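Some notes on the structure that comes next.
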Amino acid sequence: MENIQIKFMWIPSHTNIEYNEKADQLAKQGQDEEIYGTYKFNPREIWPKIKTDLWKEWKGEWDRITLTKGKYYANLQQSTKINEKPWYKNFNNLSRKHITTMNGL
């Protein structure tokens, strides 16, 4: 990635600063246009955020739905904490084949 520096500073309008009018015109034009671009990022950096957001969304949906549907089972589930990590995280020596077999049972 290139070393890019962006500086924001307040410029009083209409003070005969060169290109100020052009900048105002482009800024107004930019407000009305959608911004498209290609952004490069490392998935390892963003995945924890996505995972947390998905978990919160699922938990919110679970809480909302269990107010009316499946109350009995929801109460049973509340007595045991729902773990964010899969069951096999505690078993480091299991192969993928073993995990998928156990999940299929």
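Tyr73 - would you say it is at pLDDT below 85 and exposed (fewer than 10 other Cβ atoms within 10 Å of the Cβ)?
no
Residue by residue through the stretch 44-63, note down the ones that are of a type in the set (Asp, Glu) and either exposed (fewer than 10 other Cβ atoms within 10 Å of the Cβ) or not in a helix (DSSP H, G or I) (or both).
Glu45
Looking at the stretch 14-43, which of the residues that are polar (S, T, N, Q) and surrounded by 10 or more Cβ atoms within 10 Å (Cβ to Cβ) is modelled with the highest pLDDT? Before the answer, list the steps.
Restricting attention to the stretch 14-43, the residues satisfying the condition of being polar (S, T, N, Q) are 15-16, 20, 25, 29, 31, 38, 42.
Keeping just the survivors that are surrounded by 10 or more Cβ atoms within 10 Å (Cβ to Cβ) gives 20, 25.
Details: Asn20: 74, Gln25: 81.
Once the filter is applied, the top-ranked residue is Gln25.
Any residue in the stretch 79-91 that's surrounded by 10 or more Cβ atoms within 10 Å (Cβ to Cβ): show its pairings with residues that are assigned to a loop (DSSP other than H, G, I, E, B) and modelled with pLDDT of 80 or more at Cβ separation under 7 Å, as long as the two are six or more apart or on different chains.
Tyr88/Leu94
The values are calculated or read from the model by the stated rules, or taken from the named source; none is laboratory data. Because the structure is predicted, anything quoted here is derived from the model rather than measured. Note that we place each Cβ from the backbone using ideal geometry, even for glycine, and neighbour counts take in every protein chain shown.
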